[in-house]
Each structure stands twice: as structure tokens, then as C-alpha cells.
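The values are calculated or read from the model by the stated rules, or taken from the named source; none is laboratory data. In this text, all values refer to a predicted model and were calculated from it rather than measured experimentally. Quick reminder, even Gly has a Cβ in these numbers, built from the backbone with ideal geometry, and neighbours come from all protein chains shown.
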Amino acid sequence: MKKIVISALALALLGAAPAYAQSADAKHVEVLPSGTSPAFMGPAKLFTGSVVVEPMFAATEHTHATGALVVFTPGARTAWHTHPGGQLLVVTQGTGWIQEDGQAKKVMKAGDTVWIPPGVKHWHGATDKNGMSHIAISYMVGGKNVNWMELVSDEQFLK
């Protein structure tokens, strides 16, 4: 049986307790080198298809947000979820879809910025024919940045 190790920052990005990468009393500019926290495959209970999550930064007392580059292959997507403090997506490559519960899907393309208000149930990912990547910035409330729900069915995804 293969053991999977996920960093504290990765756990924070997935909704676990926040990780703290910077010193609390920092008085100077800090550079967090790329790859400080290794990339990982999005777990099957939270994502459908092939999704790579590359953690960028953890929440601190000053930022109150986590950040990650998330790469979706065609057909890959998140499960339904909400964010207690909202989420900002910056689409960096490709074409994707985002859908709010009870609303029609919307197209997201490279260069687009998407704001998801606190508590809005939604999913996002690539289209069925195109890959997509985005930087996800999720805001913390009470030590939490996401509430995961059920997977998006193929029928919901293609509707």
C-alpha cells in the first residue's frame, strides 16, 4: 500500500487547519520559493479527473488567504463546494467552466478573474474538450477556507 503524504500547506488549501509558512513578526519582504510545498494530485473524493494542485502560499495573520495554482485536464473539475470567506480565481491558461448551484454554467478563459462570494455553492474546472488552469485564492474564516460537498456528476457537468 502506497503512503500518501500531503504537506500542511496542501491540507490548508483543501480545507484543513491553516499552515503558516512565514514568521508572524516579519518586518521585511519575504520570498516564498516556488516548490516550497510540493504539488499533489487532487484527491478523488474532492475532484473528478486529473487535477494537479501546486500550493503557492498559506494564510497568515496578515493575508487571511491561501493560494494555489490548480491545473485541470479536459473534463476535470472540483466537487461542489462553498467558501466561508469567498474565493478569487485568476484563469491563467485554457478554457473552463464555473457553475453556481441553480444557475447556468459560465465560461472562463485565460485572463479572466472570477469572484465567488462567501457561502455560494459552486464547482469549477476544465471544459469537456479543453484544459484549464487557475490561481485560486481562498479567504479564511474561523480557520477554514472551504466546505466540500458531493462530486459533480457527468450529467451535471455536461448540462
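Applying the condition of being among the hydrophobic types (A, V, I, L, M, F, W, C) and touching a Phe, Trp or Tyr at 6+ places or on another chain (Cβ under 8 Å) to segment 48-58 and asking which residue is surrounded by the most Cβ atoms within 10 Å (Cβ to Cβ) yields Ala58. Within segment 118-131, being farther than 16 Å from Leu158 by Cα and either among the charged types (D, E, K, R) or under 14 Å from the mean Cα position of the chain (by Cα) (or both) holds for one residue alone: Lys121. Filtered by the rule that a residue be at pLDDT 95 or above, of a type outside the set (D, E, K, R) and more than 16 Å from the chain's Cα centre (by Cα), segment 142-159 gives Ser153, Gln156, Phe157, Leu158. Taking segment 66-99 as the range and being in contact (Cβ under 8 Å) with a residue 60 or more places away in the chain, surrounded by fewer than 19 Cβ atoms within 10 Å (Cβ to Cβ) and β-branched (Val, Ile, Thr) as the test, only Thr82 passes.
Take Val120 and decide whether it is among the hydrophobic types (A, V, I, L, M, F, W, C), free of Cβ contacts under 8 Å to residues at least 40 places away in the same chain and closer than 30 Å to Ser34 by Cβ. It is false that Val120 is among the hydrophobic types (A, V, I, L, M, F, W, C), free of Cβ contacts under 8 Å to residues at least 40 places away in the same chain and closer than 30 Å to Ser34 by Cβ.
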